[in-house]
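**Q** This is the structure, below, for whatever I ask next.
Nothing in this text is a laboratory measurement; each read-out follows from the coordinates by a stated rule. The model shown is predicted, which means the values in this text are computed figures rather than measured ones. Reconstructed Cβ throughout: ideal geometry from the backbone, glycine too, with neighbour counts over all protein chains shown.
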Amino acid sequence: MYVLDPAIAMQIVSRTMSILGHNVNVMNNRGVILGSGDNLRIGAIHEGALLAITQNRVVEITSEAASGLIGVKPGINLPLHYQGQIIGVIGITGEFKEITPYGQLLKMTAEIIVEQANLQDKLQWENRQKEEFILQLIKGDLRDKPQLIEWASQLGISLETPRVAAIIEVSDINSKTLNNGHDANNLKEVLHLLQYPERGNLVAMTSLNQLVILKPAFLDGHNWDPTLESARIDELLKRLPHHIKGCTKIALGHYFPNIEGIAHSYQTAQETLVIGKQFNNEERKYLFEDYSLQVLLSGLKHNWRGEILSSHYQQLQSADNKGSLRKTLAAYITHFGDLQQCANALHIHRNTLRYRLDKIQHITQLDIHALDGLFRLYLGQLIAD
């Protein structure tokens, strides 16, 4: 059974009294005054309300009748109903002839407020449940799959829909201090854009400045196409308000089939965001396909395999205090070993370039003019940086 909340009772009192100009009392289904324009009456038992509840009718109280009742003043008391049950009583204080015309209107207004409040509570509860469900999916916590399927059914979520994870991060890039409240408000604006129009997205806030979107993956209805997803992200970025657009970054993960793949998709989106900001912080959009090698190798960073792969590059890193040798190596890789293009890009003479390349080989003990040696340094650079 619905229980009338004191906060809702006071909301009814404040809204109706501002229009009516008479004192209003709201009682629960036991006749206790929960809200009143007269604070001294809150918590008292209203005998007129008890009569309205037990007889389920409008109770009119004259001045003479009020004198013989406890906690009662002249006026009328009307039972409040919600889903066919009496949940309380609303009373208006005043002379009967003056206030009677407002009784049913006041009752209807109060019941609408209760219904709206209950609907809002239900929506908030459903949103919290959806967020908890989404967080469980991206954590990969699928130990009780039958229960998860039942939970999804209750929330109206289809687990058969192929999904891919994206992360939206909103932060004040011009602020030197954290402004979590401001970021959270901006994120809520973005959340609203994702919900309207509704496109089957599952959205949850993962922090004060990040949210995850589990998007339907087959935009053409048949296949996973990162190009279509990229275009959809561009559309979203165009829709963002100007004050948010400049501080928003979106990272799209890789698509994995089956429900178990959602956690992997979220992980790739996370790592794509981190690496994308590291290499191209000025960009607004990061796609896994553009950073796939770096993302895949990032898992080796604190792994013994990664330590071995990056050991030669780390030797170079230790010996290269000014960074000129690493910069030269990066240019050499970018230009596929073309010495002239590399020298031009670095604005140095070819002899200087050869000297630096020889020094890199001496430090790393690798032949960078051979594919194996250069590839080892390239992988080491991706892992170490």
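**Q** Could you pull out every one of the lysines with an alpha carbon less than 28 Å from that of Lys130, ignoring same-chain neighbours closer than 8 positions?
**A** Straight-line reach from Lys130, under 28 Å: Lys122, Lys139, Lys145, Lys188, Lys215, Lys238, Lys245, Lys249, Lys285.
**Q** Continuing with the same structure: Which length gain, in nm to one decimal place, applies between Ile348 and Leu371 when the Cα-Cα distance is subtracted from 0.36 nm times their residue separation? Walk me through the numbers on the way to the answer.
**A** Numbers: separation 23, 0.36 × 23 = 8.28 nm, distance 2.42 nm.
Length gained, Ile348 through Leu371: 5.9 nm.
**Q** Next question, about the same structure. Can you give the charge dipole size of the chain about its Cα centre, rounded to the nearest 20 debye, using +1 on the beta carbon of Lys and Arg and -1 on the beta carbon of Asp and Glu? Please list the in-between numbers first.
**A** Values: 36 positive and 40 negative charges, 196 e Å.
The calculation lands at about 940 debye.
**Q** While we're looking at this one, here's another question. Please compute the contact order of the range 1-95 in relative form: average sequence separation of alpha-carbon pairs under 8 Å and at least six residues apart, divided by the residue count, as a percent.
**A** Working: 204 pairs, mean separation 26.3, N = 95.
Worked out over the range 1-95, it gives 28 percent.
**Q** Please report how far the C-alpha centroid of the range 226-260 lies from that of the range 362-385, rounded to the nearest whole angstrom.
**A** 34
**Q** Measuring from a point 7 Å past the Cα of Glu64 along Cα-to-C-beta, which residues in the range 71-108 have an amide N at less than 20 Å?
**A** Backbone N within reach: 71-77, 94-100.
**Q** How high is the FRET efficiency from Ala231 to Gln315, r the C-beta distance, R0 35 Å, rounded to 0.05?
**A** On the way: r = 44 Å, r/R0 = 1.25.
For R0 = 35 Å, the calculated efficiency reads 0.20.
**Q** Can you tell me how the range 283-357 classifies by the Cα gyration tensor, rounded, prolate or oblate, using a/c under 1.5 as the rounded cut? Write out the running numbers ahead of the final one.
**A** Details: a/c = 2.58, a/b = 1.41, b/c = 1.83.
Because a/c hits 1.5 or more and a/b fails to exceed b/c, the range 283-357 counts as oblate.
**Q** Could you work out [θ]222 nm for the chain from helices alone, using -39500 (n - 2.57) per DSSP H run of at least four and dividing by all its residues? Round to the nearest 500 deg cm²/dmol.
**A** Values: 17 runs with 203 residues, N = 385.
Value at 222 nm, helices only: -16500 deg cm²/dmol.
**Q** Sort 128-135, 156-163, 307-314 by the packing proxy (mean of other Cβ within 10 Å over each peptide's residues), most packed first.
**A** On the way: 128-135: 16.0, 156-163: 14.1, 307-314: 18.0.
Taking the mean over residues of other Cβ atoms within 10 Å, the ranking is 307-314, 128-135, 156-163.
**Q** Quick check: residue separation of Leu339 and Phe96 times 0.36 nm, minus the Cα distance between them. What number comes out in nm?
**A** Stretched fully, the Leu339-Phe96 segment lengthens by 77.5 nm.
**Q** Which of the listed residues, Asn344, Phe375, Gly306, is farthest toward the dipole's positive end in the range 304-384, when Lys, Arg count +1 and Asp, Glu count -1 at the beta-carbon?
**A** Asn344
**Q** Cα atoms only: what Rg and Dmax, in Å, come out for the range 74-142?
**A** Gyration radius and largest Cα-Cα distance of the range 74-142: 20.0, 66 Å.
**Q** At Ile45 and Arg128, where each label point lies 7 Å from the Cα along Cα→Cβ, what is the point-to-point distance in nanometres?
**A** Modelled inter-label distance: 3.4 nm.
**Q** Taking R0 as 30 Å, what FRET efficiency do you get between Tyr2 and Lys188 from their Cβ-Cβ distance, rounded to the nearest 0.05?
**A** Details: r = 29 Å, r/R0 = 0.96.
FRET efficiency, Tyr2 to Lys188: 0.55.
**Q** Where does the charge balance sit around Ile233 when Lys and Arg score +1, Asp and Glu -1, over other residues with C-beta under 14 Å from its C-beta? Provide the component values of the computation, followed by the final result.
**A** Working: positive: Arg199, Lys215, Arg232, Lys238, Arg239, Lys245, Lys249, Arg284, Lys285; negative: Glu169, Asp225, Glu229, Asp234, Glu235, Glu283, Glu289, Asp290.
Once all neighbours under 14 Å are counted, the net charge is +1.
**Q** How high is the relative contact order of the chain, in percent, counting Cα pairs under 8 Å that sit 6 or more residues apart? All intermediate terms of the calculation are to be shown ahead of the outcome.
**A** Working: 574 pairs, mean separation 38.0, N = 385.
Answer for the chain is 10 percent.
**Q** Count charges around Ser298 for me, please; just the other residues with Cβ under 12 Å from its Cβ, Lys/Arg as +1, Asp/Glu as -1. If you can, show how the numbers build up before the last one.
**A** On the way: positive: Lys301; negative: Glu271, Asp385.
Value of the local net charge: -1.
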